[in-house]
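To start, the structure itself, in structure tokens.
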């Protein structure tokens, strides 16, 4: 189909105009910091708009998978519920219900999650194909999300918020070579640092584990709770194998529980005591200067 | 001859603009812009491509030779050049001799000239103020700045056209 000359002419004029304006914009951005940040702000707004829309489409198309996950989660909770009912019935029969209830009320069974608040956020962008992966989530400073907050899902750890704008936040994924989190093998000892090596998105390594720590295939790796980002005992992965590093430490290969290729919603964790913990840590750092 | 006349006009307006930028700093928020006149007063039958390139060139030269943001005047002049035909379309009249729509700035009545200048300076100053304005200023501040700049520049441009440029072009 042939286009009329008038349309060709209009397209030509528009292209010349766009090219000249692009050159001007480039010059402005390169030569002025204020204008550069303003233009970048505009670009980010447009970018986040498109990310939001594409994430909405992706989420819609992934509803089948999400639904499957929910059904599985539901089945697991139903099973857990049945076990608890059975346990309650049993201790009721043994006449120990009141005693255990008072113990729980007294704080013996306090949840490790006390002192943390949670914000549900939608994943707008999630990169997987670089060695420095990141996520953009749709919660920002307006929703109480600030820098240095942990991000998890019911399946495991996702990353740490490293930058927060008014409406969106930048999360450095666990699948980022610059990211590391404090973790432990099993619920007891076996402390180490969990890091991704830039390889498979389903594997990471728990490094600097003491030599005397017993490692068995299938052992669960949990968050240690030693940092102020994550509460303790959040399952992160399962141990696959290990080797000894430099004759000093064990390096455990970990299969991550979190499937990063299927992230729709995440939970941002705020440690209510973080400010106090950080200010106390700063005292130590001041001695090191 | 005509080409020489326009090149001379180009140089004169550029020098005038540089002098204004250098010496007439009346107020930090007021910018005296003479270069839009060059884009407005270039021959009506000039192609839009050449008009845009002329606007870009004069704007870039002003930016490069004055102490401003490089690219700012160029961006605004290019936009003005691209929209000049749209602005002047309602002001054209049918020429019986050539049987074409003609535009003769010399025959413009004051009202028509002010309308042309007002529309042109609005097109020039809206992006100028939006890009140049300091961060964190509200819509009211930006609107007032646009209105002030357009009003002052239209008065100056009107006087320039009436007193000197019209005779020259």
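The values are calculated or read from the model by the stated rules, or taken from the named source; none is laboratory data. These numbers come from a predicted model, not from an experiment. Here the Cβ is made from the backbone with ideal geometry for all residues, glycine too, and neighbour counts use every protein chain on show.
Filter segment A:16-31 for residues that are more than 7 Å from every other protein chain (Cβ to nearest Cβ) and under 20 Å from residue B:66 (Cα atoms) and give the result.
If the condition is that a residue be more than 7 Å from every other protein chain (Cβ to nearest Cβ) and under 20 Å from residue B:66 (Cα atoms), then A:23, A:26, A:29, A:30 are the ones that fit.
Starting from segment A:38-66, keep only residues that are without any contact (Cβ under 8 Å) to a residue 40 or more places away in the chain, then list their pairs with residues that are surrounded by 12 or more Cβ atoms within 10 Å (Cβ to Cβ) whose Cβ atoms are within a distance under 6 Å, requiring at least 6 positions of separation or different chains.
A:39/A:29
Among the listed residues A:199, A:225, A:247, A:218, identify the single one that is under 16 Å from residue A:133 (Cβ atoms), outside any strand (DSSP E or B), over 14 Å from the mean Cα position of the chain (by Cα) and not assigned by TED's automatic domain parsing to the domain that holds residue A:56.
Only one candidate qualifies: A:199.
Of the residues in segment A:46-93, how many are touching a helix residue (DSSP H, G or I) at 6+ places or on another chain (Cβ under 9 Å) and over 22 Å from residue A:261 (Cβ atoms)?
Going through segment A:46-93 one residue at a time, the tally reaches 2.
Out of segment A:113-136, which residues are touching a strand residue (DSSP E or B) at 6+ places or on another chain (Cβ under 8 Å) and within 19 Å of residue A:256 (Cβ to Cβ)?
A:123, A:126, A:127, A:128, A:131, A:132, A:133, A:134, A:135
Please indicate, with yes or no, whether at least one residue in segment A:32-55 is on the phi > 0 side of the Ramachandran plot and either away from chain B (no Cβ under 14 Å) or not in a helix (DSSP H, G or I) (or both).
The answer is no, given that none of the residues of segment A:32-55 is on the phi > 0 side of the Ramachandran plot and either away from chain B (no Cβ under 14 Å) or not in a helix (DSSP H, G or I) (or both).
With the checklist (1) modelled with pLDDT under 85; (2) more than 14 Å from the chain's Cα centre (by Cα); (3) under 21 Å from residue B:156 (Cα atoms); (4) away from every other protein chain (no Cβ under 14 Å) in hand, flag the one item residue B:89 doesn't pass.
With respect to (1) modelled with pLDDT under 85; (2) more than 14 Å from the chain's Cα centre (by Cα); (3) under 21 Å from residue B:156 (Cα atoms); (4) away from every other protein chain (no Cβ under 14 Å), residue B:89 is out only on (3).
Being loosely packed, with under 15 Cβ neighbours inside 10 Å, closer than 30 Å to residue A:118 by Cα and touching a residue at least 24 places away in the same chain (Cβ under 8 Å) is the filter here; which residues of segment A:204-230 pass it?
Once the filter is applied, which keeps residues that are loosely packed, with under 15 Cβ neighbours inside 10 Å, closer than 30 Å to residue A:118 by Cα and touching a residue at least 24 places away in the same chain (Cβ under 8 Å), segment A:204-230 yields only A:226.
Does segment B:34-46 include one or more residues that are more than 15 Å from the chain's Cα centre (by Cα) and outside any helix (DSSP H, G or I)?
Yes: segment B:34-46 contains one or more residues that are more than 15 Å from the chain's Cα centre (by Cα) and outside any helix (DSSP H, G or I).
Of the residues that make up segment B:132-143, is at least one in contact with a strand residue (DSSP E or B) (Cβ under 9 Å, 6 or more places away or on another chain), surrounded by fewer than 13 Cβ atoms within 10 Å (Cβ to Cβ) and modelled with pLDDT under 85?
No: zero hits.
Which residue out of A:278, A:233 is surrounded by fewer than 21 Cβ atoms within 10 Å (Cβ to Cβ), in a helix (DSSP H, G or I), touching a residue at least 12 places away in the same chain (Cβ under 8 Å) and within 23 Å of the chain's Cα centre (by Cα)?
A:278
If a residue must be modelled with pLDDT of 90 or more, in contact with a helix residue (DSSP H, G or I) (Cβ under 9 Å, 6 or more places away or on another chain) and surrounded by fewer than 18 Cβ atoms within 10 Å (Cβ to Cβ), how many such residues does segment A:130-163 contain?
0
Yes or no: segment A:244-261 includes at least one residue that is at positive phi and out of contact with any helix residue (DSSP H, G or I) (no Cβ under 8 Å at 6 or more places or on another chain).
yes
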